[in-house]
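The values are calculated or read from the model by the stated rules, or taken from the named source; none is laboratory data. Computed from a predicted model, the values in this text were never measured in an experiment. Cβ sites come from the backbone with ideal geometry, for glycine too, and all protein chains shown count toward neighbours. Heads up: the accessible areas ignore ligands, DNA and RNA and are worked out on the full protein's heavy atoms, side chains in. Shrake-Rupley method; radii C 1.70, N 1.55, O 1.52, S 1.80 Å.
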Amino acid sequence: MRTTDLLLFSGQSLAGARKRTLLMLLAMSIGVASVVLLTALGEGARRYVADQFASLGTHLLIMMPGRSETTGGAPPLFGETPRDLTLDDALALLRARSITRVAPLVVGNAPVSYGNREREVTVIGATQAYFPMRHLSTASGRALPDIDPARAANVAVLGAGLRKALFGGHRAIGQWVRVDDRRFRVIGVIGKGGQSFGQNLDDMIVIPVAAAQELFDTTSLFRVLIEARSEHHVERAKAAARTLIQQRHDGEDDVTIISQDALLQTFDDILRTMTYAVGGIAAISLGVAGILIMNVMLVAVSQRVAEIGLMKALGTPARQVLRIFLVEAMLLAAAGAGIGVLVGSGGILAMQQLLPEFPVAAPLWAVPASVVVAVLTGLLFGTLPARRAALLDPVQALSGR
Amino acid sequence: MIVLEDVERDFVVGDETVHALDQVSIAFEAGDYVSVMGPSGSGKSTLLNVLGLLDRPNSGSYRLFDQETRELGEEQRAALRRRHIGFVFQAFHLVSRLTAADNIGLPMMLAGIEPRARHQRVTEVLAALGLTDRAQHRPDQLSGGQRQRVAIGRAIVMRPSLLLADEPTGNLDQHAGGEVVELIERLNNDGITLIVVTHDKEVGRRARRHVRMVDGRIDRDTLHAHD
Ligand SMILES: Nc1ncnc2c1ncn2[C@@H]1O[C@H](COP(=O)(O)OP(=O)(O)O)[C@@H](O)[C@H]1O
Ligand SMILES: [Mg+2]
């Protein structure tokens, strides 16, 4: 049988059983469309996170006390407390040529009050460098002054949310707020929507790092942000920072340094895995569609018993009957997959219109993979009905016994 | 051309064995016009199925075109059917979604013959059947007689040398049945070997050779000259 005739003949018999065909097309296209759409969402999330990291700059390093074996992993929450990371440790890092800026950080929670209004917020002890390094700008007033980091000046910069909670419509700049039992003069307010990875900068207060150390009665730092001279200096800066701290800590290598890149890589890996997982779950619906194809093809075979008997009487070998029914199943699967890709792409376009800032896009592999899986499903689940057709006894088939 | 020797075809139903063909020995010559008659259940259809290589005897020998068919595999039997044997059934067995022309061309299409040659031959057959103006009609748009003529067209489109018809007029009225018989007789005049199973005495009588079956055996086998 010629290939064009085979396709035409199968197409005609599919068109002849319209309801059955539509049902199977629907099932197959839903499966493929959901693979395309869900993987597009996963890929969108991955790109979104990558964009966020990119906007922070890629030459930032984060140093924290304690040794963690895997770079990019979470800092150790428990375990033996290593030597403290001090302000002097942080400032010593500036001796490395590959390091341009450092921002020593102390973080804690404390009640902040003005008059009779009080809020429990995150207190960040930092230096002037913190602001440009975190891409923070002030909506009014100015950032922390560029003073000796060891000086505990009584000045503070408020997050927009905290300013609103404490001052309402009144002017905050120049006022004195109370943090725990100390008084700080407000010199600036951070622009609204300041966001830094899960950390909402709206409800916080930034004070000089030395003041925060006094406030929380500690000499240790929570983190040190390190800025490398350029993207190419990141590895060198990391090594230099490690060596410097090791020298200062009696040869003990007891800090963890992670790069934005490592963090990004971790997120990237997680989200990529999630995309595969979601795609795999959606692919289950392809399996369901395959089972449907099998059942409907079985019905088709039993309804066309006489036709199959006739084909055999006309001298059609069993393997050709098998091929005819397999081609039917695969045509169905391929057509369903085609419709599914169209529907999925339409859905992606619609999402791009609705969520312009969320970069939804199907990963390159999703479309070919789902089409291949769909056709293989058709082949796999079409085999049983096709074999049944091929093995029919022509005499029985023609007599309707 | 066709030689059956001691052909046995048994069916086991429950714990009873039905001898649908009981040690049948018979031979047919090329160009024969044979009618097979006999009571229902006497084995006429089984004989035709064995002759047409649709069914295999349990024992005995069947030589077709000087070839012992016992040793042939399914593929080879299918190839013989495809090239040399045409079937006409009581129930027509047309494919309802295909036009008359496509039904007639179906064996050629399944055999992989190229469309141009197919079209030419189908046009020829349609003309010979007087169905040229029905070429694009589907079976449900045709009368019973026309359907059986389409089925005959399908049976002869590959130019077989043997035409097997099982009750070809069984579903037709007298007039349409007469037309169908005339058509297959014309084919026989052109040289095809024709074996017709029928209940209809009128139809059976027209053949040159009358075979009567009873209980799976050849009861009578007579030649008749026509004038
Ligand atoms: N597939 C089968 N299974 C069981 N018995 C069958 C089968 N085919 C035919 N028979 C039996 O064989 C005998 C001959 O059948 P058949 O050749 O169809 O008779 P006829 O065509 O002369 O009416 C009958 O008794 C019938 O019941
Ligand atoms: Mg019969």
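Exactly one condition in (1) among the charged types (D, E, K, R); (2) modelled with pLDDT under 90; (3) within 20 Å of A:A239 (Cβ to Cβ) is false for A:D89; which is it?
(2)
Could you give me the residue pairs with C-beta distances under 7 Å whose first residue belongs to segment B:34-48 and is touching a residue at least 24 places away in the same chain (Cβ under 8 Å) and away from every other protein chain (no Cβ under 14 Å), whose second residue is near ligand 2 (Cβ under 8 Å from one of its atoms) and not in a strand (DSSP E or B) wherever it lies, and which are 6+ apart or on separate chains?
Taking only residues 6 or more apart or on different chains, the pairs are B:V36/B:K44; B:G38/B:K44.
I'm checking my understanding of the structure. Among residues of segment B:1-17 that are open to solvent by 70 Å² or more (accessible area, probe 1.4 Å) and within 14 Å of another protein chain (Cβ to nearest Cβ), which one is nearest to ligand 2 (Cβ to nearest atom)?
B:F11
Just to be sure I understand the filter: pairs with C-beta atoms under 7 Å, separated by 6 or more residues or on different chains, first member in segment A:299-319 and more than 7 Å from chain B (Cβ to nearest Cβ) and more than 20 Å from B:R82 (Cα to Cα), second member of a type in the set (A, V, I, L, M, F, W, C) and in a helix (DSSP H, G or I). Which pairs pass?
The qualifying pairs are A:V301/A:F325; A:V301/A:A389.
For segment A:244-303, give me each residue that is outside any helix (DSSP H, G or I) and either among the β-branched types (V, I, T) or touching a His at 6+ places or on another chain (Cβ under 6 Å) (or both).
Within segment A:244-303, A:V255, A:T256, A:I257, A:I258 meet the criteria.
Considering only segment B:92-112, state which residues are touching a helix residue (DSSP H, G or I) at 6+ places or on another chain (Cβ under 8 Å) and in a loop (DSSP other than H, G, I, E, B).
Across segment B:92-112, the qualifying residues are B:F92, B:H93, B:L94, B:V95, B:S96, B:R97, B:L98, B:A111, B:G112.
Name, by its number, the condition in (1) under 16 Å from B:I2 (Cα atoms); (2) within 16 Å of ligand 2 (Cβ to nearest atom); (3) open to solvent by 20 Å² or more (accessible area, probe 1.4 Å); (4) not aliphatic (A, V, I, L, M) that does not hold for B:G52.
(3)
If you take the residues in segment B:67-99 that are out of contact with any Phe, Trp or Tyr (no Cβ under 7 Å at 6 or more places or on another chain) and among the hydroxyl-bearing types (S, T, Y), which one is modelled with the lowest pLDDT?
B:S96
What are the pairs, 6+ residues apart or on separate chains, where a residue within segment B:1-26 that is among the basic types (K, R) has its Cβ under 9 Å from a residue that is part of a strand (DSSP E or B) and surrounded by 15 or more Cβ atoms within 10 Å (Cβ to Cβ)?
B:R9/B:H19; B:R9/B:A20; B:R9/B:L21; B:R9/B:D22; B:R9/B:V24; B:R9/B:G60
Can you give me the number of residues within segment B:27-49 that are among the acidic types (D, E) and either within 10 Å of ligand 2 (Cβ to nearest atom) or under 15 Å from the mean Cα position of the chain (by Cα) (or both)?
1
Report, by residue number, each residue of segment B:55-85 that is away from ligand 1 (no atom under 16 Å from the Cβ), of a type in the set (D, E) and open to solvent by less than 60 Å² (accessible area, probe 1.4 Å).
B:E68
A:H232 passes all but one of (1) out of contact with any His (no Cβ under 9 Å at 6 or more places or on another chain); (2) open to solvent by 50 Å² or more (accessible area, probe 1.4 Å); (3) in a helix (DSSP H, G or I); which number fails?
Unmet condition: (1).
Name the single residue, out of those in segment A:86-134 being over 30 Å from A:A165 (Cα atoms) and within 32 Å of the chain's Cα centre (by Cα), that is surrounded by the most Cβ atoms within 10 Å (Cβ to Cβ).
Here the answer is A:V102.
Kindly provide the set of residues from segment B:18-49 that are more than 12 Å from ligand 1 (Cβ to nearest atom), in contact with a helix residue (DSSP H, G or I) (Cβ under 9 Å, 6 or more places away or on another chain), open to solvent by 10 Å² or more (accessible area, probe 1.4 Å) and among the small types (G, A, S), ordered by number.
Hit for segment B:18-49 is B:G31, nothing else.
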